[in-house]
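Participant: Mind having a look at this structure? Questions to follow.
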Amino acid sequence: MTPSRISALVFDVDGTLLDSCGRMTQRTYEALRDCHERGIALYVATARPKRLTLRPDEVPGDVSFLTNKGAFYNGAEALDSELGFERHWMVPAELVRELTAFVADAAPGVDVALQHRELWHSFRLPLRDDEHAEWGFADHELLPFEVARHHDCSKIVAWHGSRELTEL
């Protein structure tokens, strides 16, 4: 029996393509480049928005061949540039309002980020200066939370620096 040819591979980003230091090794980069050159379709599946999928300081070279196909925002966006396919599923504004109001009432110290495609982010609580780069948006690109919570969004993230959110 002849083994079947691999036609596609799908990878998570954090902890898979990127090591525990948040970097792609040269060996991984070369293996992926080789797969791409052999015609194997490479897809990423990540919680990250497309524009932050693989940042220049995380990779040893041009990885545009890796960021033009995949699932982003935990699956809210599916993209295959080569096929001309793009689909984005938004969280409806009514649900965004309800969820953000619930978190504000139930857990006042918990922050919430709203992400709207590649266009803007919004944060319930002010970010520290060092957190802006992590999220990939400058101050002038942030939409005020009280405005953003009345719009559809791609992803809602709730977190607290030292508190488990399982009860929330």
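The values are calculated or read from the model by the stated rules, or taken from the named source; none is laboratory data. None of the values given here were measured: they were computed from a predicted structure. Counting neighbours? That spans all protein chains shown, and the Cβs are built from the backbone with ideal geometry, glycine included. Surface areas here come from the heavy atoms of the whole protein model, side chains and all, with no ligands, DNA or RNA. Shrake-Rupley method; radii C 1.70, N 1.55, O 1.52, S 1.80 Å.
Participant: If a residue must be modelled with pLDDT of 95 or more, open to solvent by 40 Å² or more (accessible area, probe 1.4 Å) and small (Gly, Ala, Ser), how many such residues does segment 76-92 contain?
Facilitator: 1
Participant: Just to check your reading of the model, which residue among LEU95, LEU99, LEU83 is over 16 Å from the mean Cα position of the chain (by Cα), touching a residue at least 24 places away in the same chain (Cβ under 8 Å) and over 25 Å from THR25 (Cα atoms)? I'd like the intermediate steps shown before the answer.
Facilitator: Working: LEU95 fails: touching a residue at least 24 places away in the same chain (Cβ under 8 Å); LEU83 fails: touching a residue at least 24 places away in the same chain (Cβ under 8 Å).
Just a single option satisfies the conditions, and that option is LEU99.
Participant: Tell me whether segment 93-110 contains one or more residues that are open to solvent by 30 Å² or more (accessible area, probe 1.4 Å) and over 30 Å from PHE145 (Cα atoms). Lay out the reasoning, then the answer.
Facilitator: Looking only at segment 93-110, we keep the residues that are open to solvent by 30 Å² or more (accessible area, probe 1.4 Å), and these are 94-95, 97-99, 101-102, 104-106, 108-109.
Right, trim to over 30 Å from PHE145 (Cα atoms) and you get none.
Taking every residue of segment 93-110 in turn, none turns out to be open to solvent by 30 Å² or more (accessible area, probe 1.4 Å) and over 30 Å from PHE145 (Cα atoms).
Participant: List the number of the failed condition for ASP62; all other conditions in (1) open to solvent by less than 50 Å² (accessible area, probe 1.4 Å); (2) closer than 14 Å to TYR29 by Cα; (3) not hydrophobic (A, V, I, L, M, F, W, C) hold.
Facilitator: (1)
Participant: May I ask you to list the residues in segment 7-60 that are more than 16 Å from the chain's Cα centre (by Cα), among the small types (Gly, Ala, Ser) and within 25 Å of ALA113 (Cα to Cα)?
Facilitator: The answer is SER20, and nothing else.
Participant: May I ask you to list pairs of residues, at least six apart or on different chains, whose Cβ atoms are under 8 Å apart, with the first in segment 122-133 being closer than 16 Å to ALA158 by Cβ and the second being acidic (Asp, Glu) and open to solvent by 100 Å² or more (accessible area, probe 1.4 Å)?
Facilitator: Filtered contacts from segment 122-133: no entries.
Participant: Something else about it: Step by step: first the residues of segment 1-27, then only those that are hydroxyl-bearing (Ser, Thr, Tyr) and either modelled with pLDDT under 95 or within 20 Å of PHE72 (Cβ to Cβ) (or both), then the one that is surrounded by the fewest Cβ atoms within 10 Å (Cβ to Cβ). Which residue is that? Give the derivation first.
Facilitator: From segment 1-27, those hydroxyl-bearing (Ser, Thr, Tyr) are 2, 4, 7, 16, 20, 25; that's our starting set.
When the remaining residues are screened for being either modelled with pLDDT under 95 or within 20 Å of PHE72 (Cβ to Cβ) (or both), the result is 2, 4, 7, 16, 20.
Working: THR2: 4, SER4: 6, SER7: 8, THR16: 14, SER20: 7.
Across segment 1-27, the extreme among qualifying residues is THR2.
Participant: Scan segment 136-151 residue by residue and report those that are touching a residue at least 40 places away in the same chain (Cβ under 8 Å) and open to solvent by 40 Å² or more (accessible area, probe 1.4 Å).
Facilitator: HIS150, HIS151
Participant: Free of Cβ contacts under 8 Å to residues at least 40 places away in the same chain and either loosely packed, with under 13 Cβ neighbours inside 10 Å or part of a strand (DSSP E or B) (or both), is that true of VAL44?
Facilitator: Numbers: free of Cβ contacts under 8 Å to residues at least 40 places away in the same chain: yes; either loosely packed, with under 13 Cβ neighbours inside 10 Å or part of a strand (DSSP E or B) (or both): yes.
Criteria met by VAL44.
Participant: In this structure, is TRP120 at negative phi and in contact with an Asp or Glu (Cβ under 9 Å, 6 or more places away or on another chain)?
Facilitator: Values: at negative phi: yes; in contact with an Asp or Glu (Cβ under 9 Å, 6 or more places away or on another chain): yes.
Judged against the criteria, TRP120 is a match.
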